[in-house]
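For reference, the structure is listed below as structure tokens.
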Amino acid sequence: MNVLVLNCGSSSIKYQLLDMSDNPEVKAKGIVERIGLPMGILSHKNYRDEKYETETPVPNHTVGIKLVMEALLDKNHGVINSVDEIKAVGHRVAHGGEYFTESARLDADAIAKIESICDLAPLHNPAHLLGMRAILDVLPNVPQTAVFDTSFHQTMPPSSYMYPLPYKMYEQYKLRRYGFHGTSHKFVAEKACDILNWNIEEKKIITCHLGNGASITAIKYGKSVDTSMGFTPVEGLMMGTRTGDLDLGALLFIMEKEKLSVSEANSFINKKCGSNGFSELSSDMRDLEAASNEGNERAKLTLDMYAHRVKKYIGAYAAVMNGVDLIIMTGGIGENSCHTRKLVFNDMDYLGIKFNFEKNEGLRAKDELITYEDSKAKVMTITTNEELVIAMDTKRIVFGS
Ligand code: AMP
């Protein structure tokens, strides 16, 4: 049974077609880019590793989806014979506001709710809606679902999610902390508990999703009780190009000195800061590690700052939950950067962690424990797969299994 997973941006459509029978497999994936520009481009790859690229104008998302269908149906690089083989479409949706505590089937009511909270994710939700409507145009009879980055965190208590702002800001604008990456945090925590044969409802887990965007979540007895991203994905950890936590006064100071408008300031904190802005070198952890190894002091400090902030949040969340049984490292950096893990878990024995530094070296893209057997709290790398979660949720919602 094939499920099409879509992540639609304002000028792009990322897609994966997954066969969701007993052993899920990716049949094809790709991206349509430069939608709305004079020339668009589709890059496609199938499970046989055959690649295909085409340049053609893609004026809107409906044309983009038609292009994806052509690629999936092509007799050379395609993977299906008829669109009827696509049984459901699952959309990654950035923001579900307070409406969605879990993934949902997309009916008129759900679409209206997603539309009503576009204010909360002005760059993302309108683009997702374009994708949903394009599917209605091209595959009108195929059921669609939405899987939200925010919904897993809807279990946070008000003491975690409220900001100390005048209360009417919450009432008027729904201004509060929402958190993101929920699909990944939930998936890796459940996967780790499966592997360890643990009941998630009895455990205190801290999940560190460290990719280009990064967030940490405290999961107590299976529920998110706090997370580092807030109203927007800028709060929390230092990231590839985002500041993470910053004194609000510092931002006002920069805006005044550099004469930045609100939209320039928004672009500054999202795109010009973080590892990239500070190092003036790269947002990519691999580049920074290579530069640091060659003696670049700024790169070294960037790596130290990055790890320091991860460590700080782990300490905070252990405090929030009155302990921790398991810390999970996931995302491109969490899964692969031995150096970051080494810095984070150095001197963390106060939490009952006996970190195996030897095993940590060279450990990449695996689901593995990296603590000694007698470690009271465990540390584990778990590979995340957000597309798979979207496809699994979609299958469950549409077909009930
Ligand atoms: P993601 O957004 O989850 O794809 O993660 C991207 C980040 O993971 C980038 O900063 C990469 O540099 C980092 N990353 C991927 N592979 C490695 C690796 N082998 N060592 C260190 N960092 C890595």
Among DSSP beta bridges lying fully in region 249-401, give the percent that are antiparallel, nearest 5.
40
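Using only the Cα atoms, work out Rg/Rh for region 61-118, with Rh taken as the Kirkwood radius, to two decimals.
Answer for region 61-118: 1.11.
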Between region 48-71 and region 366-401, the alpha-carbon center distance in angstrom:
31
Past 27 Å, Cα to Cα: identify those pairs from LYS271/LYS311; LYS271/LYS378; LYS204/LYS311; LYS203/LYS272, in the order given.
LYS271/LYS378; LYS203/LYS272
Hydrodynamic radius by Kirkwood, which averages 1/r over all alpha carbon pairs of region 262-401, in angstrom
17.1
Which percent, to the nearest 5, of DSSP beta bridges fully inside region 89-240 are antiparallel?
70
Each label sits 7 Å from Cα toward the beta-carbon; between GLU202 and SER21 the label points are separated, in nm, by 3.8
As a test question: what accessible area, to the nearest 10 Å², does LEU246 have when a 1.4 Å probe is rolled over all protein chains in place?
80
Helix 262-271 versus the longest principal axis of the chain: what is the Cα-based angle in degrees, 0 to 90, to the nearest 10?
80
Rg ratio (alpha-carbon, reference 2.2 N^0.38 Å) - region 320-381
1.03
The simple spin-label model distance between LYS300 and LYS223, using points 7 Å out along Cα→Cβ, in nm, is 4.7
By accessible area of protein heavy atoms, probe 1.4 Å, what ranking do PHE268, PHE253, PHE399 get, highest first?
PHE253, PHE399, PHE268
Please work out how much accessible surface TYR350 shows to a 1.4 Å probe, ignoring ligands, DNA and RNA, in Å² rounded to 10.
150
Can you classify region 153-294 as rounded, prolate or oblate using the Cα gyration tensor, where a ≥ b ≥ c are the square roots of its eigenvalues, rounded means a/c under 1.5, and otherwise it's prolate if a/b beats b/c and oblate if not?
oblate
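Kindly give Rg over Rh for region 145-199, based on alpha-carbon atoms, with the Kirkwood expression for the hydrodynamic radius.
1.14
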Rounded to 5, percent antiparallel among DSSP beta bridges of the chain:
70
Rounded to the nearest 10, the angle in degrees between the Cα long axis of helix 182-196 and the longest principal axis of the Cα atoms of the chain comes to 70
Semi-axes of region 243-296's equivalent ellipsoid from the Cα gyration tensor, sqrt of 5 times each eigenvalue, largest first, rounded to whole Å?
27, 10, 9
Calculate the length of the line joining the C-alpha centroid of region 148-196 to that of region 1-32, in whole Å.
26
Helical mean residue ellipticity (222 nm; -39500 (n - 2.57) per DSSP H run of 4+; nearest 500) of the chain:
-11500 deg cm²/dmol
Once the convex hull of the C-alpha atoms of region 80-227 is built, how many Å³ does it hold per residue, rounded to a whole number?
143
Take the eigenvalues of the Cα gyration tensor for the chain, scale each by 5, and report the square roots as semi-axes in whole Å, largest first.
34, 26, 23
P(r) weight above 14 Å for region 1-78, C-alpha pairs, percent
57
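The values are calculated or read from the model by the stated rules, or taken from the named source; none is laboratory data. As the structure is a prediction and not an experimental result, all values here were calculated from the model. When we count neighbours, we look across all protein chains shown, and the Cβ atoms used for this are built from the backbone with ideal geometry, even at glycine. Surface areas here come from the heavy atoms of the whole protein model, side chains and all, with no ligands, DNA or RNA. Shrake-Rupley method; radii C 1.70, N 1.55, O 1.52, S 1.80 Å.
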